[in-house]
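Step one of this worksheet: look at the structure below.
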Amino acid sequence: MKVLAVIAFCSIVLIVPAAVLAGSSGGFDGVVTTLEHRYHAHATRIPFVGLISLVAHKATTGGVSGLHVAEFDNFNETVDGDELNNMVAEKLGEGWQRMIRDTSKHGAEQTLIFARPDGNRMGLFIVDVDANEMDVVQISVDPDHLSQSIGKYKHHDGDADTSDHDNGSGDDSN
């Protein structure tokens, strides 16, 4: 009898979140599905991205996790920047803020970057349209860990010996 109760409990625990996620029309899958329908294109979800995300999480000691990637190859549709921005913002939902919107002069290349707080982490959502492809990426990063990692590569002015460098002005008085 206890076995049946455990099986029933486990089934509910597994089925309810799956049903909720399947019914959700927002987030990464919502954006990708909307883009597929709007532009009549098929997105390729990168195989083994869950494994890649796990490896990235371990390799960065928790700095990066929750990686999702979809790629639209042979994407030849004309993309209206305002429409793309509105579609992505609507499907992402509350809490996401657009940080960057970059559009080339003729609109053929576009990049949108959205961010939102995710506990003590930062969620990033990127849509990049370039030439004949569109890439959609969602990732979660630890901003403190990221700052420390970037700090390792920061140029320290006091550490560099500039006495032998030419500043290009013809003046040797460095």
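The values are calculated or read from the model by the stated rules, or taken from the named source; none is laboratory data. As the structure is a computational prediction, the values presented were derived from the model and not from experiment. Cβ sites come from the backbone with ideal geometry, for glycine too, and all protein chains shown count toward neighbours.
Odds and ends about this structure:
- Every residue from segment 119-154 that is among the acidic types (D, E) and surrounded by fewer than 18 Cβ atoms within 10 Å (Cβ to Cβ): D128, D130, E133, D144
- Contact annotation: residue pairs with Cβ atoms under 7 Å, 6 or more positions apart or on different chains, pairing a residue in segment 79-105 that is under 11 Å from V129 (Cβ atoms) with a partner that is among the hydroxyl-bearing types (S, T, Y), are G81/T103; D102/T111.
- Checking H42, H106, H68 one by one, the residue that is loosely packed, with under 14 Cβ neighbours inside 10 Å and at pLDDT 90 or above is H42 and no other.
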